[in-house]
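Please read the structure below before turning to the comments.
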Amino acid sequence: MINDRNRFMKRLAMAFLAMPLLLTSTAEAQGDWWWGASYTVSIPQGDTKDFVDATSWRGVTLEARKKLSRNATWGLLFGWYVFDQSRVGTVDFGGVTVTGVPYTYINTFPIQATAHYYLGNPRKTRVHLGGAAGITIDERRLDVGLYRLQESKTVFSIAPEVGVSTPLGYSMRGVLSVRYNYEAKNGDRDAQQYIGISLGLAWN
């Protein structure tokens, strides 16, 4: 578990260090683009909670949004959220039922297109409504004793969202958002759900 957390922190640091390179490589109409980086806490729901019944405190969300009008944007979202838990009990994994002290672990990577509508004055605090749709790469692992089971699936996913942003200075806003992430059923993997709460910065 410690090694997994160390790897996560290293990759998270690399993602933030890479952000300026990604931003400067983007092209035209810089003023029409907003960029965002957020720390995300994820709360498992439904079948996700059956596999890992613990809040994820390791998550990052990166976004780019292009203004279509005064009140609307479209864009892209990339996320990385990590769930893990060790508990006494029974866990189902790919048709196998394991009883004992299993360690369950999920890495989920949404890659989605977004659309948002904003209420209020652009120069003041604004509420936004919208969502995302695309794919999510869902990797999960079950360790018990000397045995390990793991699988990875790419599934269709959606994430309706509500949020609020407030000016912090020139071309900088603080952002708080809540997303309900839903991953469609794929084969023997039931639909997965979790709530993501993100706090971060947006700038242009």
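Among residues that are open to solvent by 10 Å² or more (accessible area, probe 1.4 Å) and modelled with pLDDT under 95, residue 98 is included. Scanning the stretch 189-203 for residues that are open to solvent by less than 20 Å² (accessible area, probe 1.4 Å) and under 15 Å from the mean Cα position of the chain (by Cα) yields 192, 194, 196, 198, 200. Scanning the stretch 32-42 for residues that are open to solvent by less than 60 Å² (accessible area, probe 1.4 Å) and within 26 Å of residue 192 (Cα to Cα) turns up 36, 37, 38, 40, 41, 42.
Please verify whether the stretch 128-136 includes one or more residues that are loosely packed, with under 15 Cβ neighbours inside 10 Å and either over 21 Å from the mean Cα position of the chain (by Cα) or on the phi > 0 side of the Ramachandran plot (or both). Before you say what the answer is, go through the steps one by one.
Step one: list which residues in the stretch 128-136 are loosely packed, with under 15 Cβ neighbours inside 10 Å, which gives 129.
After this cut, where a residue has to be either over 21 Å from the mean Cα position of the chain (by Cα) or on the phi > 0 side of the Ramachandran plot (or both) as well, the list is none.
Within the stretch 128-136, none of the residues are loosely packed, with under 15 Cβ neighbours inside 10 Å and either over 21 Å from the mean Cα position of the chain (by Cα) or on the phi > 0 side of the Ramachandran plot (or both).
For the stretch 103-125, taking the residues that are assigned to a strand (DSSP E or B) and free of Cβ contacts under 8 Å to residues at least 40 places away in the same chain, the one that is most open to solvent (accessible area, probe 1.4 Å) is identified as 111. For the stretch 173-188, filtered to residues that are open to solvent by less than 20 Å² (accessible area, probe 1.4 Å) and touching a residue at least 60 places away in the same chain (Cβ under 8 Å), the residue that is farthest from residue 126 (Cα to Cα) is 183. Out of all the residues in the stretch 138-147, is one or more on the phi < 0 side of the Ramachandran plot, loosely packed, with under 12 Cβ neighbours inside 10 Å and either at pLDDT below 95 or in a strand (DSSP E or B) (or both)? Looking for residues that are on the phi < 0 side of the Ramachandran plot, loosely packed, with under 12 Cβ neighbours inside 10 Å and either at pLDDT below 95 or in a strand (DSSP E or B) (or both), one finds at least one in the stretch 138-147, hence yes.
The values are calculated or read from the model by the stated rules, or taken from the named source; none is laboratory data. From a predicted model like this one, the values you see are computed outputs, not experimental measurements. A quick note on method: Cβ atoms are made from the backbone with ideal geometry, for glycine too, and the neighbour counts reach across all protein chains shown. Accessible surface is based on the protein model in full, side chains and every heavy atom, while ligands, DNA and RNA are left aside. Shrake-Rupley method; radii C 1.70, N 1.55, O 1.52, S 1.80 Å.
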